Amino acid sequence: MGWRRNAVRIYRTLLLAYPAEFRHQYGAEMERLFDDRSRSEPPVRLWLESLADIAITVPTEHLHTLAADLRYGGRMLASAPSFTVVALLVMALGIGATTAVFSLVNAVLLRSFPYGEPQGLVYLYSPNSQFQGTPDEMAPNDPDFYDWQRLSHSFTSLTMLKQRMSNFVHDGTVERVGSALVTGSFFETLEAKPQLGRAIEAEDDTPGRANVAVISDRLWHERFGGATDVIGRVLQINRKKYTVIGVMPKDFGYPFEGDIPYGMTGFKRTDLWLPVALSAKEKTDRTTFASNDATIGRLRPGVSVAQAQAELKSIESQLNSLYPPMWRGWTALVRPLVTTIVGPVQKMLWLLLGAVGCVLLIACSNVANLLLAKVATRRQEIGVRMALGAERTRLIRQMLTESLLLSCLGGSLGMLLAFAAVRLLVRLNPGNIPRFEQASVDSRVLFIAVVLSVMAGLLSGLAPTVAASRVSVNEILKQGGNKGTAGTSNRWRQTLVLIEVALSVILLGGAGLMIRSFIAVQAVNPGFSPSALTMRLSLDERYKTPEQRMAFFQGFMQAAQRVPGVLKVGAADVIPLDHRESVAAFEIKGYGKPRDMIDNRSVTSGYFGAIGLPLLHGRDFDDHDLKNNSVAIVNEAFAKTFFGASNPLGSQIRSGIGDLTGVPWITVIGVIANLRQTTLEEKPRPEVFRPYQAGLHGYAYLAFRLSVPPRVVIATLRNVLHDMDPALGLEDIHTMRDRMAEANARRRFQTVLLGGFAGLALLLACVGLYGLIAYSVKRRTAEIGVRMALGGSQRQVLGMVLREGLKVVGLGLFFGIVAALGTMRLIGAWLYEIGAGDPITFLSVAATLLLVAVCACLVPAIAATRVEPVTALRYE
């Protein structure tokens, strides 16, 4: 007998899984039936059948209830098209913008790299304590790499690469493509497999057998039409023939631009991989200081980064003795590859996602405000339903269903907006964010969009649901639904608008600081002429001697000087904003050897005039200087730092690495203006310019001062080069204005996005404030009528309405500024010549917000002044 009572209690508890309406209608009967069956049927069979029935019918009944709620919610949304359209647009903007930014975060930070276990990959560097002022991210010299590969035990494999721009000759045309010379362990280390053919292997990486090539998916489709018989085809790269042995997958293009710190610029991704094939002498000769661009290792399981670094440091300390005394001081540095690649942009992307998350919160607050207004108009309906027996839980479920229906419809529209927004963002690609162009709305992004839609529905429906659950049936039936919880609803609405304003202040403050920093950077005097045209010309293996190379460069520059529209031509080893460093120790005769190093550049005569850099004192280089290389020109920063008010002309300096005792002195013959070499934001550093002997290097950056648009000259210059050597091509062709834009691209990108989010937040906050005041005016129509009937003026009514709106805005502004001052330190690293608490910026934000708030309040306020007392009293 006791077990039957316990069984009935358990069954009664299980019935709570059914919807409330179902329980009220059928629960007692189902309980009696279970009690009757328990008297005559075996307990096991009874429980098996009962549990099976519950498992089947509970979801069915909930689906029936949900379907009914959805049909009712759909009818309610259709009955108020204006409300529905506004709410859908607000929700779509918030979810669409958040989804689009998350797609960037997903592509750059979350999506797995196209390598096997990328967390096990590390970059290996070899800084030198003697090279003060140089970055630590210096790749090791080639002999050191091969010794690391032979002696270390912390890695399963090591590889290195050298970045190159190669001439790809195809169908009589020359295309400059990004390429990498790699060791035979490159693809093995990355654990990257071709989609066709095979990868470069150890036997390919030997002199005499290095005539094989692996190409990218892009090159395969654009140049070979995606032909399946591409394996075995012969390519002409520069002046050599290579046989295609493999095609990499679409998402593999390592190294991309930005993947290698201080790596080669000029191409966005790598399209060609060739064996480096160093000779035995090149692998051991430490007198040439030949280094690679990147060395990568795959850690053995269980080996940490610190352990690998300790081992390499120990090995390098032994290898140091193989260098001349003045060149010693090499050590080792190990850094995780993934962190190194995404680290510089990680904070920026998460911050942008946080900013757009604020926009989504403002959108949810706006929709909640709209739903609160809707609840206020449905109080009579809610009261009648409760009077007829509807439970509060049933009403809460109905309100949440309507909110979720609205957010899911808005989320669907937002996903469509996200597809378009992602394409727009890719067009805004600053170019130095790795894998940015791979951003897409994939399955993970769609899943997050669905989650955002559900969360937005719950957030926006929370306040209306609570307001609806507090409806008093007696008050509504007595007063006809005109009062009751209206005051509570309005407090909710005011709180939501206050939150919107505060969040808007944070976004506007951040955007304002970024905009002011961007303007300050744009106003920087770079020292060069933005209209100067620059390009790079590299010679190949045909030009073996310095004399041959120098003769070719001089011949091309002389021919270029004769091109109509070319006023001046010059060449240099490094051009401004090219992210290349060339530093050296130096000594000033009579002053000693300063501790810091200086930037060391080489230029030809005419370069300063071509790049637009004014000569302040002295003279430029001439042909005689190019031959004897015994003079130098310094910049203004050098002169002021080391000579103060004295004249540096005629002083003698010498520079180099290590011991400078045997280095000859050179004479300073001129002083030029300061130049922003590395970035637009970094202050000019002391620089020394030497005569550039391009024949020693095999490449030259050319600068042109023009009297015609660059496009008119570029085609002619290409023809001039083709006539001299059809296998060569010009690369990295840009005006200095283009290079300035590229150097500022990441700052411009984040400023545009933050500004856009702030503008959207301001718009949504304005809509929310307008809705609040319009609803308040409508609710207080009778009160306004009585005031005006008793002699109140339109000015008093206008002031009353404006004060109500500005009170909310003032509180939101206060809390927003306090929060902004605490959060602006997150963007402190991106600010330029401006503080995170800049008063001008926040005063401008406050003024802008107040102006917008007045405009938002003015329309309903003016409408309130036009209320006719008789009409208002009749309405009451």
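The values are calculated or read from the model by the stated rules, or taken from the named source; none is laboratory data. This structure is a prediction, so every number in the text was calculated from the model and none was measured. Positions of Cβ are backbone-derived with ideal geometry, glycine not excepted, and every protein chain shown enters the neighbour counts. In case anyone asks, the SASA skips ligands and DNA or RNA and just uses the protein heavy atoms, side chains included. Shrake-Rupley method; radii C 1.70, N 1.55, O 1.52, S 1.80 Å.
Values as computed for the structure displayed
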| read-out | value |
| --- | --- |
| Calculated diffusion of the chain, Stokes-Einstein form, Kirkwood radius summed over Cα pairs, 4 °C and 1.567 mPa s, µm²/s | 39 µm²/s |
| Three-way shape label, the range 32-191, alpha-carbon gyration tensor, a/c 1.5 | prolate |
| Radius 11 Å from Cβ of H697, net charge of other residues (Lys, Arg +1; Asp, Glu -1) | 0 |
| Reachable aspartates and glutamates from K347, criterion Cα separation under 18 angstrom, eight or more residues apart if same chain | D259 |
| Positive dipole terminus of the range 184-255, leading residue within F252, N211, N238 (C-beta point charges) | N238 |
| Net charge of neighbours whose Cβ lies under 12 Å from the Cβ of A17, counting Lys and Arg as +1 and Asp and Glu as -1 | 0 |
| Directionally averaged projected area (convex hull, Cα atoms, the range 639-701), nm² | 6.2 nm² |
| Hz values of 3J(HN,Hα) by residue in the range 414-428 - Karplus curve (6.51, -1.76, 1.60), Gly and Pro given as x | x, 5, 5, 5, 5, 4, 5, 5, 5, 4, 5, 5, 5, 5, 8 |
| Long-range HN-HN contacts of S602 with modeled amide H, under 5 Å | D573, V574, R690 |
| Cα gyration tensor shape for the range 632-778, rounded if a/c is under 1.5, else prolate or oblate | oblate |
| Ranking by accessible area, most exposed first, for M724, M91 with a 1.4 Å probe | M724, M91 |
| Per-residue HN-Hα couplings for the range 104-117 [Karplus 6.51, -1.76, 1.60; θ = phi - 60°; Hz; x = Gly/Pro] | 5, 4, 5, 5, 8, 9, 9, 5, 5, 5, x, 10, x, 6 |
| Local electrostatic count at K283 - Lys and Arg +1, Asp and Glu -1, tallied over other residues with Cβ under 14 Å | -2 |
| Accessible area of the range 620-769 divided out per residue, in Å², using a probe of 1.4 angstrom | 40 Å² |
| Under Karplus coefficients 6.51, -1.76 and 1.60, residue-wise ³J(HN,Hα) of the range 55-66 in Hz, glycine/proline x | 4, 8, 7, 4, x, 5, 5, 5, 5, 4, 5, 4 |
| Kirkwood Rh and Cα Rg combined as Rg over Rh, evaluated for the range 533-647 | 0.99 |
| Solvent-accessible area per residue, Å², over the range 60-204 with all protein chains present [probe radius 1.4 Å] | 38 Å² |
| With eigenvalues of the C-alpha gyration tensor scaled by 5 and rooted, the range 263-351, Å | 28, 21, 14 |
| Residue among L360, I827, P530 farthest towards the positive dipole end of the chain, charges placed on Cβ | L360 |
| Share of carbon and sulfur in the accessible heavy-atom surface of the chain [1.4 Å probe, %] | 59 percent |
